[in-house]
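For reference, the structure discussed in these notes is given below.
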Amino acid sequence: MSKKSVAVIFGGVSSEHDVSLASAENVINSIPTDKYDVYKIGITKDGRWFKYDGPTDLKNSKWESHESCVSACILPDRAKKGITVFEKDGVKIIEIDCVFPVLHGKNGEDGTMQGLMELAGIPCVGCDMISSAMSMDKAVTNTIMDYAGIPQAKWLAVTKYDYNKAADSFLKKAEEYLGFPIFVKPACAGSSVGVSKAADFEALRKAIDVAFEHGNKVVLEQTIVGREIECAVLGNDELQVATPCEIIPGSEFYDYDSKYIDDTTKIDIVAKLTAEQVEKLKSLAKKTYKALGCSGMSRVDFFVSDDGLSMFMNEVNTIPGFTQISMYPKMFENAGKPYSELVSELIELAIERSK
Ligand SMILES: Nc1ncnc2c1ncn2[C@@H]1O[C@H](COP(=O)(O)OP(=O)(O)O)[C@@H](O)[C@H]1O
Ligand SMILES: [Mg+2]
């Protein structure tokens, strides 16, 4: 059987650019080279696309100034299916069988890249355009969860325009409906960027201003007291859910630093839950995945109350982290699926979906 060509796209115009580099490094190193030829396509923080042939140590390699970089792009024109590369001796097209976007957050995990691949007719790992877009926007996700009857924290959303028109009445409504402390998040971000917990009005005002630095819509949520449990879901129609893990943040909540910088966060790769709780979470994770129309993969994150009786869906990550410390691949590894097998399965799922 001839080898398939896969283009791994990394970096991107996103506050999670650096996390993407760490994730992509692992993905690239895990793609079995006896089955696939791998092309590395990097997008700089300001949105330039390059084909890159340097070391896969992306975080430390200053990849964008590497001598191998040549401009490259994927055109929506299906007659030019593949990567269009602007080599010194002319424009070439490299045929590819699949794109693996290892991009987190805006301009990559949010349906934009998926939409481009749909136009181009190129199979793309992970969720399609619409499910990526819906899962990226926490206000849209929450609306769909309410509609599907999936339990979650009480929430409110507000746009910058509406907030600026009537901030005081919105703050009062938030206090009455949600009660302090209130979690404030940009509707469309990730890695806890712009997320804060506000204990009073003054902190709430500040938190909302911080969240608006990341976009025009902000979500406020009632604070859930409980444990943070993550579920890894894999598949198009037939779904596999790995045994859930637990995140025990060292800081007040699972913020950016406790995710990537300090090492205070503890992980229980198999969360201490009863068999019944595990089944309930797996079933809620599948229901969430289906309600949002996900395919390929997603990590569905929950809170479980300390008494174990209540479960709340928190958010869906359609391109979960693949860094050295990321839970999605670890949960499957723990379930007996090594990293390279997982990555191959994701590629094959993308190709299968496009047929
Ligand atoms: N409603 C909530 N109640 C309690 N903690 C929350 C709530 N929402 C978010 N958090 C905390 O903030 C972290 C980041 O929020 P999350 O919604 O997961 O955003 P992100 O997409 O940035 O990861 C969560 O992992 C959790 O620690
Ligand atoms: Mg999260």
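The values are calculated or read from the model by the stated rules, or taken from the named source; none is laboratory data. Quick caveat: nothing in here was measured; it's all calculated off a predicted structure. Note that we place each Cβ from the backbone using ideal geometry, even for glycine, and neighbour counts take in every protein chain shown.
With respect to CYS188, is the statement that it is closer than 29 Å to GLU348 by Cα, assigned by TED's automatic domain parsing to the domain that holds LYS217 and crowded, with 20+ Cβ neighbours inside 10 Å true?
yes
So, of the residues in the stretch 196-230 that are assigned to a helix (DSSP H, G or I) and within 13 Å of ligand 1 (Cβ to nearest atom), which turns out to be surrounded by the most Cβ atoms within 10 Å (Cβ to Cβ)?
ALA211
Filter the stretch 213-245 down to residues that are of a type in the set (Asp, Glu) and within 16 Å of ligand 2 (Cβ to nearest atom) and give me whichever is nearest to GLU16 (Cα to Cα).
GLU230
Restricting attention to the stretch 306-343, which residues are surrounded by 16 or more Cβ atoms within 10 Å (Cβ to Cβ), over 18 Å from the mean Cα position of the chain (by Cα) and assigned by TED's automatic domain parsing to the domain that holds ALA291?
MET311, PHE312, listed by residue number.
I'd like the residue in the stretch 275-305 that is crowded, with 19+ Cβ neighbours inside 10 Å and of a type in the set (Gly, Ala, Ser) and, out of all such residues, is farthest from ligand 2 (Cβ to nearest atom).
Among those residues, the one meeting the criterion is SER295.
Can you tell me how many residues within the stretch 163-212 are within 22 Å of ASP301 (Cα to Cα) and either away from ligand 2 (no atom under 16 Å from the Cβ) or out of contact with any helix residue (DSSP H, G or I) (no Cβ under 7 Å at 6 or more places or on another chain) (or both)?
10
Against the definition (surrounded by 18 or more Cβ atoms within 10 Å (Cβ to Cβ) and near ligand 1 (Cβ under 8 Å from one of its atoms)), how does ILE247 come out, yes or no?
Here the answer is yes, as ILE247 does meet what is asked.
Restricting to the stretch 62-80, count the residues that are in a helix (DSSP H, G or I) and among the aliphatic types (A, V, I, L, M).
Final tally of qualifying residues: 1.
Out of all the residues in the stretch 276-305, which are within 14 Å of ligand 1 (Cβ to nearest atom) and under 19 Å from the mean Cα position of the chain (by Cα)?
THR288, SER298, ARG299, VAL300, ASP301, PHE302, PHE303
It is to be established whether one or more residues within the stretch 81-89 are assigned by TED's automatic domain parsing to the domain that holds GLY121, in a strand (DSSP E or B) and of a type in the set (Lys, Arg).
Checked the stretch 81-89: no residue is assigned by TED's automatic domain parsing to the domain that holds GLY121, in a strand (DSSP E or B) and of a type in the set (Lys, Arg).
Give me the residue from the stretch 262-271 that is free of Cβ contacts under 8 Å to residues at least 60 places away in the same chain and surrounded by 10 or more Cβ atoms within 10 Å (Cβ to Cβ) and, out of that set, nearest to ligand 2 (Cβ to nearest atom).
THR265
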